[in-house]
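Report on the following structure.
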Amino acid sequence: MFKKAIPIFPREISKKMNSLAVFKLTAGTLRGTELHVAAADFYQLKINGKLVAHGPARTAKGYARMDVISLDSFDSEKNEISISVASYNCLSISTVFQPSFLCAEIVRDDEILAYTGHDFDCYVSNERIREAERYSPQRHFCEIWDFTAPEWGKKTVAEPIESAPVIISRVAPYPVYNEIKLTEATRVGALKFDASITPRYEFVSFVLSKRWGIFDYDEIKHHSFEWVQQHTQIAQKSNVKLPESIKAGEYATFDFGRIEVGFITLEGVAKADTELVIAFSEYSRNGVFEFTDIDTHNVIDLKLKCGEKYNFNSFEPYAARHVYVAVKKGIFDIHSIGITTFEADISAVFIPNTSDKILNGIFLSSARTYAHNAVDIYTDCPSRERGGYLCDSYFTAKAEYAMFGKAPTEEAFLQNYRLYKNEGEFPEGVLPMCFPSSALDSNLFIPQWTMWYVIEVEEYVNIRGHESEKELFRESIFKLLDFYARYENSDGLLERLPSWKFIEWSRANQWTKDVNYPTNFLYSKALECVYLLYGDTKYLKKAEHVRQTSVEQSFNGRLFLDHSVRDSEGKLQLLNDCSEICQYYALLFANIDINDEKYDYLRNLVLTVFGAGRTVLTEEIEPINAFIGVYLRIEALLKMGEDDLVISDVKSFFGGMSDKTGTLWENRQITGSLDHGFAAYAIAAYKSIMQKRGELPQD
């Protein structure tokens, strides 16, 4: 892949958490050149101080993807190239843990003009402060920048790294970087410290052990997430045109009007030695900046030198609708606040335009949600985790294919799973629930998510046109089959699967002891998909046996019940626990005829009582939650041909989201991520109806 460049990194920080190495090169005209670059953990390319690219596309441990970036537009006679590489040296859900490095070369035609190991000077940055809080357990560290320090430390030696990764190509399309600048503040006012406010300290999804890589509380000088919470905002001016000067004890808030994803930018001049905090949030109420309940430390700290003009951009991408700038010390003239986008290109996507404004808003929000969550892999959200989860990916893939007629980001996502090597963290044959990532302390995995992997692969191969790749998945799929077989009981059903048995976010998750029927309906579908992929009829017969046995054991004459447990004599006993989600697993995967009169009671519930936005509860049936209940309901309704109900459910569930954030959410409520990848499925559901009706435009 690289002709001369070798992977290098400064030894002095190679084991230190949250370090930043900067590789610099002064070059002549870059007309006709490309930069070939790979790195870990992340790199940011600037030329003449301008942000050009961020990468790399993530992949499996032991591998690194190479980006190819055109530099042709930089045609002046002198160009300053800077490649900053973050070395986090910690575990996360969003990257694999492996040695940091940079490998880069500048190429014109077949000539290598400069390359790492020969031409780039290397410095350890003094500006990024290492001792910081974790931004979230799933990602890495908050950004704290001291721009009063010398820009660079002493020039250092970057040595070839040990165990260099295998370089592979980038597969996902390249992101788009558009500059969005706000020149008006929604509020400017004063801050008042309120000691009675107890900030939330443990603002994390799970408690981090030392194994994950954390600094002790007392090592960290900046705890701005707490500081923001303990200062009330007293608005004094509204709709203030920039530039605007704010001094110690003052703040300004900004509103993009919808969630944007990318690198937060701040332009202005420090009129004194200044310390300020940039905070950001996906949603705020009543004109007062607030953090939402998403388990992230949405703060960036800046220390600035008097008299200097700053054009700052964050190193990492974030998700924000609202931004808050508060001065702790000094004076700062704000010229603009903005975001340089970091998202998939959806400029050519056909977005349905109906007579219903609410639906139109949903479809645009769906496309934007996809764009934010498909930059290099499919991610759950562009904020808290940026993690690549199975099952989520099944629905995001449908969105990508519906919008583009192809699925290159899915190709990258699935290739990463094929490259995964189990190092003993999981049972033999198991795939992680999220990847690229590190395993949790408990080595938790979701058996059901691996079944969704098989189902997604079948659609990727047979529906989305990748027949030539099916053999590449054989090893991972058949290892999973071996794993499942270890938990088949005498009836041929899965029983007592290990680890986290996930059905959906409802009480259905509590009914997974012994034999769980939603899991077995899903298993039958996975087995059928193995047959559809590889043509072995024994898996089709096995799938049918699992289906029939699950139906016989779980259907009580009206509804499908969730689970059976072993009594004191070791016999399976069907319990009365019943969830709405169980009905959808059966409808989708049990090959039942819902129009058969024996299912009249169930059909009536599905069509007249159940619903994505229902408030009518039945005492004995646990209602669905957002994920994956709403999505399986829509899939089931599409299968039943109930297109009008699909549209009604899409509108009732997603309708309130687009107006508030321009994106679709993880939950119905304003909790968790308000920009969640699987929610892009809404546009796929509607386009499938348009296709059936012959309403899609012809290419």
Review point. Would you say TYR370 is part of a loop (DSSP other than H, G, I, E, B), under 25 Å from VAL457 (Cβ atoms), out of contact with any Pro (no Cβ under 9 Å at 6 or more places or on another chain) and aromatic (Phe, Trp, Tyr)?
Key: no
Check your understanding: Take the residues of region 649-672 that are in a loop (DSSP other than H, G, I, E, B), of a type outside the set (Phe, Trp, Tyr) and open to solvent by less than 40 Å² (accessible area, probe 1.4 Å): which is farthest from TYR370 (Cα to Cα)?
Key -> ILE670
Exercise for review: Starting from region 519-532, take each residue that is free of Cβ contacts under 8 Å to residues at least 60 places away in the same chain and part of a helix (DSSP H, G or I) and list its partners that are charged (D, E, K, R) and surrounded by fewer than 24 Cβ atoms within 10 Å (Cβ to Cβ), counting only C-beta distances under 6 angstrom and pairs at least six apart or across chains.
Suggested key: LEU527/LYS542
Exercise for review: Could you name every one of the strands (runs of 3 or more DSSP E) located completely within region 145-199 that has at least 1 residues being in contact (Cβ under 8 Å) with a residue 60 or more places away in the chain, open to solvent by 40 Å² or more (accessible area, probe 1.4 Å) and of a type outside the set (A, V, I, L, M, F, W, C)?
Suggested key: 158-160, 166-169, 179-182, 184-193
Exercise for review: Answer yes if at least one residue in region 438-454 is within 28 Å of TYR686 (Cα to Cα), modelled with pLDDT of 95 or more, within 20 Å of the chain's Cα centre (by Cα) and not aromatic (Phe, Trp, Tyr), and no otherwise.
Suggested key: yes
Practice item. Looking for whichever is surrounded by 15 or more Cβ atoms within 10 Å (Cβ to Cβ), of a type in the set (Gly, Ala, Ser) and in contact (Cβ under 8 Å) with a residue 24 or more places away in the chain here; the options are GLY287, GLY257, GLY213. Which one fits? Key: GLY213
Point to revise | Considering residues of region 483-518 that are without any contact (Cβ under 8 Å) to a residue 60 or more places away in the chain, of a type in the set (D, E, K, R) and over 26 Å from ILE624 (Cβ atoms) only, the residue least open to solvent (accessible area, probe 1.4 Å) | key: GLU488
Check your understanding: Does region 431-446 contain any residue that is open to solvent by 60 Å² or more (accessible area, probe 1.4 Å) and either farther than 19 Å from PHE395 by Cβ or in contact with a Cys (Cβ under 8 Å, 6 or more places away or on another chain) (or both)?
Key -> yes
Check your understanding: Across region 260-284, what is the number of residues that are over 22 Å from THR341 (Cβ atoms), in contact with a Gly (Cβ under 7 Å, 6 or more places away or on another chain) and surrounded by 18 or more Cβ atoms within 10 Å (Cβ to Cβ)?
Key -> 3
Review point. Assuming SER73 fulfils every condition listed in (1) open to solvent by less than 60 Å² (accessible area, probe 1.4 Å); (2) at pLDDT 95 or above; (3) among the polar types (S, T, N, Q) apart from one, which condition is it?
Key: (1)
**Study point:** Qualifying residue in region 418-426 (condition: touching a Ser or Thr at 6+ places or on another chain (Cβ under 9 Å), assigned to a helix (DSSP H, G or I) and at pLDDT 95 or above)
**Key:** yes
Review point. Before we move on, is ASN18 under 26 Å from the mean Cα position of the chain (by Cα) and buried (at least 17 other Cβ atoms within 10 Å of the Cβ)?
Key: yes
Practice item. Tally the residues that are farther than 20 Å from GLU343 by Cα, in contact with an Asp or Glu (Cβ under 7 Å, 6 or more places away or on another chain) and surrounded by 18 or more Cβ atoms within 10 Å (Cβ to Cβ), restricting the search to region 48-70. Key: 0
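The values are calculated or read from the model by the stated rules, or taken from the named source; none is laboratory data. Keep in mind it's a predicted model, so treat the numbers as computed, not measured. Neighbour counts are summed over all protein chains in view; Cβ atoms, including those assigned to glycine, are modelled from backbone coordinates with ideal geometry. The protein model used for the area step is the full one, side chains on, heavy atoms only, and it has no ligands, DNA or RNA in it. Shrake-Rupley method; radii C 1.70, N 1.55, O 1.52, S 1.80 Å.
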